[in-house]
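Shown next, in structure tokens, is the structure this report addresses.
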């Protein structure tokens, strides 16, 4: 079915503009003009696999006289006339890959009054040759395999389409790529023809592919001495004898590359060593340095200047045990954490973590000094990452007039999911988190609560340069005495990642002296539109609303504003000017650095 030409109007307009542009020499000997590429080729743009700029570039790059005009300062008359005589044939050859075999070319060469030569080529490409028939056939063991059916269905040329050699080559390559991907390593074309009948001005395509036998996964060998092979086999997601699939080989390579254990990973299917149809898989591994140290600096309106130091011990033994120590320092937080990590049966997703930590946190609304010790087991549960935790916390706290020492043994379960092609600068994706935790007075705890929390963030394209960013948080705490809970358990709103226009944790219920003390419920939402006017620069406008209160009925505080975005080498930097609609203090600047998801 013919696709509408109207979609390609921007490309055609661009083509008209650029194709008519003069090609001038650095000296004043020769000027070259090519006219007629724009509108005459608009029909070709019906084929989505091609762009007008491809045609323009092919024609201009084929013209030797155009290249000479740009590079040579002194051209003799004889040289100019020789190049001019070649030009029509060069243009014809450049148009043929796009289906134009009968162009009309009006070539003129004259000397202008100021002494320069002017070579002009006015083109009428004529009609593009059409595809009369497409004969795609797959034979052999894989004739009915889903992969080859996909390659046939997605072949980019159909009967009646304008012929485009590049589209033909792309469709042909798809059969070979699919065969390699799903294990038909001996596949080949029995017939591969693009026939052009100039008398009838029609073309036909004949592609007959013989798949050969399908190969299977053979034994996997890990070539390294750093870790126990039994641990590494946990990264393999297939069984021996299963159909060979290069997507799974790439998945294994990415999983091992993402692990902290290795600096270089190479996964090779050794077809020449195959026994029958089983292909051995060799995994060549170069160990990473056993220690890594990382230092960071940053700034946020909520935290002020901040710094961090991380020490990572990547391989404490052959079983893959690891350890981490991290220090954080900012205007509101001084904290240190030590972790010991043990990989599980599926080490890419399964991990048991033991941790110890201390945090001294002082905000405008609360102060706390907390000691924490806990264990966490994380694993993949379907499409979600599941985390089961048990945390003991002793926290000296002050929130408004509330003072106390909380001792809590908190079991918890959480589920998270992130889908994005790039978590740093995301064009399309989302993040979800669900969490349930609680404590019971008398069970190593001096307070009782049950808390549910959920958060999400979604990013969707809106036009070619725009993004729609939505964010939401909600939480509920069931407790007989809310004011016995430390600030880590209470909900607050306000700040860079909450309701902009208000200070960090500035929103919540108030005590009898008017101090903000948080609330047992949380409800926050945000809608933002971002427009990227340059590749690394954007503008944003947003509306935030939310509350941390005794109930979900509010009252809700609202903020609106404008922001500037810069995609820096260390991630997006956001500068927002936000106006608090429900606060007479009004305007606040927010600065935040970090990934989109």
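Every number in this text was worked out from the coordinates using simple rules, so none of it is lab data. Every value quoted in this text rests on a predicted model; they were computed, and no experiment measured them. Here the Cβ is made from the backbone with ideal geometry for all residues, glycine too, and neighbour counts use every protein chain on show.
Summary of computed values
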{"quantity": "Which numbered condition residue 551 fails, given (1) in a strand (DSSP E or B); (2) closer than 25 Å to residue 410 by Cα", "calculated": "(1)"}
{"quantity": "Strands (runs of 3 or more DSSP E) enclosed by region 275-315 - at least 1 residues per element that are under 30 Å from residue 246 (Cα atoms) and under 28 Å from the mean Cα position of the chain (by Cα)", "calculated": "278-287"}
{"quantity": "Tally, over region 102-118, of residues that are without any contact (Cβ under 8 Å) to a residue 24 or more places away in the chain and either in a strand (DSSP E or B) or within 15 Å of residue 81 (Cβ to Cβ) (or both)", "calculated": "7"}
{"quantity": "Residue, farthest from residue 100 (Cα to Cα), within region 137-170, restricted to residues that are in a helix (DSSP H, G or I), touching a strand residue (DSSP E or B) at 6+ places or on another chain (Cβ under 9 Å) and in contact (Cβ under 8 Å) with a residue 24 or more places away in the chain", "calculated": "148"}
{"quantity": "Of residues in region 423-445 being in contact with a strand residue (DSSP E or B) (Cβ under 8 Å, 6 or more places away or on another chain) and loosely packed, with under 15 Cβ neighbours inside 10 Å, the one nearest to residue 466 (Cα to Cα)", "calculated": "427"}
{"quantity": "Count of region 150-180 residues which are crowded, with 16+ Cβ neighbours inside 10 Å and within 30 Å of residue 276 (Cα to Cα)", "calculated": "7"}
{"quantity": "Of all residues making up region 230-269, the number that are part of a loop (DSSP other than H, G, I, E, B), over 14 Å from residue 182 (Cα atoms) and in contact (Cβ under 8 Å) with a residue 40 or more places away in the chain", "calculated": "5"}
{"quantity": "Residue within region 520-543 that is more than 30 Å from residue 427 (Cβ to Cβ) and part of a loop (DSSP other than H, G, I, E, B) present", "calculated": "yes"}
{"quantity": "Test: residue in region 182-189 that is touching a strand residue (DSSP E or B) at 6+ places or on another chain (Cβ under 6 Å), more than 18 Å from residue 247 (Cα to Cα), part of a strand (DSSP E or B) and in contact (Cβ under 8 Å) with a residue 40 or more places away in the chain", "calculated": "no"}
